[in-house]
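The values are calculated or read from the model by the stated rules, or taken from the named source; none is laboratory data. Being a predicted model, the structure only gives us computed values, none of them experimental. Cβ placement follows ideal geometry from the backbone for every residue including glycine, while neighbour counts extend to all protein chains displayed. Protein only, heavy atoms only, side chains kept; ligands, DNA and RNA dropped before computing areas. Shrake-Rupley method; radii C 1.70, N 1.55, O 1.52, S 1.80 Å.
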Amino acid sequence: MSIPIIRTLADLRKTVAVWRHDDLKIAVVPTMGALHEGHLSLVRAALDRADRVIVTLFVNPKQFNSAADLAAYPRTEHNDAAKLASLGAHILYAPGGAEMYPQGFATTVSVSGVSDGLCGAYRPGHFDGVATVVAKLFLQTGADFAFFGEKDFQQLHVVRRMARDLDIPVEIVACPTVREEDGLAMSSRNARLSPPERQVAPRIAAILFDAAARIGGGAPIDATLDEARSAIAAAGYARIEYLELRAEEDLAPMHTLDRPGRLLVAAWLGETRLIDNVGLPARREAIARAAASDGSHPDVISNRAVRGPNQAARHT
Ligand code: PAF
């Protein structure tokens, strides 16, 4: 079995026009290739939801911060196409650079607010590159649904905001992070880790989940994050860019767990930058305190424990 590979926007539009004529629902799964189980989980979710699934493969130069990083990005189109064919995806859209950004291309989509801080602070221009290419992919495919992994949690917020602000009629569907057996979040960048680094890598997930469980259980946020930073450094991560608690809904910084939060981390292991995150339900006591101070009565409260990175389904 093989999958049709489309290289030009004109050909993509012809295919999509036929599907639209037949009143079929279309999903898009944007990727940069080097597909792993995390991507494939998005494709399966898309196949469950839509009649036709377009997987896009474009290593987007506008979202890389260095030419070396762009050059080192794995390119495995042949294998990617085989994986997608076996799942039953309908089209692989893999345009070249000149098709996506023809001579004279001069537009940038920039999303303020949710792009600030976290990865945005360490990768200047990265989210402009992501928002620009994803806006184009939404408009090119005309998809009804678009699937993104929660592992790139800030990206998910950027893409949601962009689609809402530009009135692009696409529903953004978020899928849980898929993890290796030892808890490491799947990423195309994991392939760059040396064998000793690969041994150490999952510690970041274990430390992240442990910190989340402790904060969820009432431990002080700042002290717990400081301890977690020390533990990540002690595990062998050379540089921790950030470890922060942000609001699940809008990524605002959080100092009490009075609404659902996300603990997000980025750190370097040797030459490889890894990111991860985990959700935290709001704490019963923090909600009650906030409600008491503004006189309201919370009726939905949750103190669900945070599961470990390799507990239950290998998902956060
Ligand atoms: O997450 C990615 O792989 C990329 O940022 C995306 C969404 C495909 C845009 O190039």
>> Which of the numbered conditions does V278 fail, given that it passes all the others? Conditions: (1) closer than 26 Å to Q155 by Cβ; (2) open to solvent by 30 Å² or more (accessible area, probe 1.4 Å).
In response: (2)
> How many residues are assigned to a strand (DSSP E or B) and among the β-branched types (V, I, T) if we restrict to segment 225-240?
Replying inline: 1
> Is there a residue in segment 287-308 that is modelled with pLDDT of 80 or more and in contact with a helix residue (DSSP H, G or I) (Cβ under 9 Å, 6 or more places away or on another chain)?
Replying inline: no
> Name the residues in segment 172-207 that are in a helix (DSSP H, G or I), out of contact with any Pro (no Cβ under 7 Å at 6 or more places or on another chain) and surrounded by fewer than 22 Cβ atoms within 10 Å (Cβ to Cβ), would you?
Replying inline: R189, N190, R192, P195, P196, E197, R198, Q199, V200, R203
>> Just the residues that are near the ligand (Cβ under 10 Å from one of its atoms) and without any contact (Cβ under 8 Å) to a residue 60 or more places away in the chain, please, taken from segment 149-160.
In response: Q155, L156, V158, V159
>> Just to verify a result, which residue in segment 1-28, among those that are in contact with a strand residue (DSSP E or B) (Cβ under 8 Å, 6 or more places away or on another chain) and among the β-branched types (V, I, T), is surrounded by the fewest Cβ atoms within 10 Å (Cβ to Cβ)?
In response: I5
>> Here is a check on your reading of the model: is A98 out of contact with any helix residue (DSSP H, G or I) (no Cβ under 7 Å at 6 or more places or on another chain) and surrounded by fewer than 21 Cβ atoms within 10 Å (Cβ to Cβ)?
In response: yes
> Quick one: how many residues across segment 55-75 are free of Cβ contacts under 8 Å to residues at least 24 places away in the same chain and assigned to a strand (DSSP E or B)?
Replying inline: 0
>> Looking at segment 87-135 only, could you name the residues that are more than 30 Å from M1 (Cβ to Cβ), part of a helix (DSSP H, G or I) and within 16 Å of the ligand (Cβ to nearest atom)?
In response: C119, G120, Y122, H126, F127, D128, G129, V130, A131, T132, A135
> How do the pairs read when you match residues in segment 264-285 that are at positive phi with residues anywhere that are of a type in the set (G, A, S) and open to solvent by 20 Å² or more (accessible area, probe 1.4 Å), using Cβ under 8 Å and keeping only pairs 6 or more apart or on different chains?
Replying inline: G270/S194; G270/A238
>> Only one of D222, D210 is in a helix (DSSP H, G or I), open to solvent by 60 Å² or more (accessible area, probe 1.4 Å) and closer than 17 Å to V306 by Cβ. Can you tell me which?
In response: D210
> Quick one: is A68 modelled with pLDDT of 95 or more, of a type in the set (G, A, S) and away from the ligand (no atom under 16 Å from the Cβ)?
Replying inline: no
> If you take the residues of segment 248-286 that are of a type in the set (D, E, K, R) and part of a strand (DSSP E or B), which of them is modelled with the lowest pLDDT?
Replying inline: R273
>> Given the criteria more than 22 Å from K14 (Cβ to Cβ), within 16 Å of the ligand (Cβ to nearest atom), within 22 Å of the chain's Cα centre (by Cα) and open to solvent by less than 10 Å² (accessible area, probe 1.4 Å), does N60 qualify?
In response: yes
>> Just to verify a result, which residue in segment 1-54, among those that are more than 26 Å from A71 (Cβ to Cβ) and part of a strand (DSSP E or B), is farthest from the ligand (Cβ to nearest atom)?
In response: R52
> Which is closer than 21 Å to A94 by Cα, within 15 Å of the ligand (Cβ to nearest atom) and not β-branched (V, I, T), of A163, A174, A185, A146?
Replying inline: A146
